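To start, the structure under review is shown below, and the notes come after it.
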Amino acid sequence: MKKTFAMLIIVLLLTMALAACGSSYECEDEWGCATIEEGKTIKIGYVGPTTGDYSSFGIDMTRGAELAVAAKPTVKDFEIELVVEDTQGTPEQGASVANKLAADPQVVAIDGHSFSGSTEVAIPIYGDAHVVMMSPSATNPDLTNLGSPVFNRVAFHDRMQGEFAANYLYETLGVRNIAIMHDGGAYGQGLADMTADFFEGLGGTIVTREAITPGETDYSAPLNNVSEADPELVYYGGYDADAAVLVTQMAGAGMEDVGFFGCDGTYGVNYIDLAGDAAEGTFSTFVPIPESAAFDTFRADYQAAYGEEQGKLSPFSPHSYDAATILINAIEQVAVESGSSLIIPRKALADAVRATKDHTGLTGSITCSEVGECAAAAIRFMKVENSDWVVGPGQ
């Protein structure tokens, strides 16, 4: 009897040992693994401008990411923590924030960056740290030409926007002579230059090009230069705060009858609020979100959580929601439980994000290309009438 009991004890101990061995996970991922210990969180960063002149964009996209995490707060019983970092809209701060997040071993993915300049400097930092990215709004087309295995985006790129804008200006509005203005940034100047190239390719004329310094309150000098070139319309690449200053000062430069055409960076209620009556008749680019029950729920949740109508601050909160959701789904797909810890293989995670196919998002059906282009949305041009955005003529 004693011998039998002893054998049972031995078998039990061996079973427990084998079970323990079976529950451990040896990381063989070529980029290494993030180990999330019991009681720790899975960190996803949101990175964008949450203070300063462009804070409406970052605040709006932060909210989109927060709602995505609220909808899916855990992976395999490990809590997801959204870490929000402020770039103030500058590449320099973007690099600083990227270095901070890349140094945190619990950070496995980034919803961001939001602006193209900040994104461009951040990509190699996250690449070296093997942290996958999904930008909701960085639209400079060169970003996916860098060949980064970690960078992806759900926003359409500016080459598409520039071509569509040029065609709309030339073919639909019948404009033949335009002035190009921009804020000198990777997004603003890049988009303005591409729009100019496409417009000239259609037979249009660029009468002058002027850069402004973002954040100033007096643009009379560059506007006077533009006025001397006698354009039919000013095309501007940049963001809403600076665009509002420009349109309010155009009349003072003798351009009360000159049109103004912005971009997706100028669209939103904030631009109308800042520009007031001067916004009437001006244009911007809009990315329409398909109507769906999920989008209705998102808008209701946004209003309930923040006390503001979705779309007031920027058009990009649904994109940020989709970006965060894709990242969370990919984490759940590759994460492995090991004892009391959760192991997240970093290259497997990046590959899972890049392999996204037919994901039903708020912005539409999302499939990523081999270089990380995942946009589902189309483009529409909007016009301010009676202090509200309406669909522009001919669409």
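FYI, it's all coordinate maths here, none of it is from the lab. Since the model is a prediction, treat every value here as computed from it, not as a measurement. Every residue, glycine as well, gets a Cβ built from its backbone with ideal geometry; the counts of neighbours run over all protein chains shown.
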statement: Nearest 10, in degrees from 0 to 90: the angle of helix 116-129 to the longest Cα principal axis of the chain is 20
- request: Kindly provide the trypsin sites (Lys or Arg not before Pro) of segment 356-394 that DSSP labels as loop, not H, G, I, E or B, and whose Cβ sees at most 13 other Cβ atoms within 10 Å.
  value: LYS357
message: Please give me, ordered by residue number, the trypsin sites (Lys or Arg not before Pro) of segment 53-125 that lie in loop per DSSP and have at most 13 other Cβ atoms within 10 Å.
response: LYS76
- line: For segment 231-246, Karplus-derived ³J(HN,Hα) couplings (6.51, -1.76, 1.60; θ = phi - 60°; whole Hz; x for glycine and proline) come out as x, 6, 7, 9, 9, 10, x, x, 10, 4, 4, 6, 4, 5, 5, 4
message: Can you give me the convex hull volume of the Cα atoms of segment 41-155, divided per residue and expressed in Å³?
response: 90
query: Does anyone have the angle between helix 317-334 and the longest principal axis of the chain? Alpha-carbon axes, 0 to 90°, nearest 10?
result: 20
field: All Cα pairs of segment 154-228, percent lying beyond 22 Å
entry: 27
- request: For segment 133-177 and segment 333-395, write down the distance between their C-alpha centroids in whole Å.
  value: 15
field: Rg and Dmax of segment 68-222, Cα atoms only, in Å
entry: 18.8, 60
query: Which value in deg cm²/dmol, rounded to the nearest 500, describes the helix-derived mean residue ellipticity at 222 nm for the chain, given -39,500 (n - 2.57) per DSSP H run of n ≥ 4 and division by the residue count?
result: -13000 deg cm²/dmol
- request: Return the tail of the calculated pair distribution for the chain, meaning the percent of Cα-Cα pairs more than 29 Å apart.
  value: 46
message: Using alpha carbons only, how many angstrom separate the centre of segment 65-119 from the centre of segment 187-251?
response: 33
- request: Taking the chain as the reference, fit the longest principal axis to its C-alpha atoms, fit the long axis of helix 186-201 to the helix C-alpha atoms, and give the angle between the two in degrees, 0 to 90, nearest 10.
  value: 50
task: Please list the non-local residues whose amide H lies under 5 Å from the amide H of GLU79, H modeled 1.01 Å from N, same-chain partners needing a gap of 5 or more.
output: ILE42
field: Highest average packing first - 259-268, 202-211, Cβ atoms within 10 Å
entry: 259-268, 202-211
task: In Å³ and rounded to a whole number, note down the convex hull volume per residue for the Cα atoms of segment 66-121.
output: 80
- request: Using the Kirkwood radius over Cα pairs, work out the Stokes-Einstein diffusion coefficient for segment 168-209 at 37 °C and 0.692 mPa s, in µm²/s as a whole number.
  value: 314
- line: Per its Cα gyration tensor (rounded if a/c is under 1.5, else prolate when a/b beats b/c, else oblate), segment 122-201 is best filed as prolate
query: What percentages, rounded to whole numbers, describe P(r) for segment 190-341 computed over all alpha carbon pairs with 10 Å bin width beginning at zero?
result: 9, 31, 26, 18, 11, 4, 2, 0
task: Mind ranking 290-297, 243-250 by how tightly packed they are, going by the mean number of other C-beta atoms within 10 angstrom, highest first?
output: 243-250, 290-297
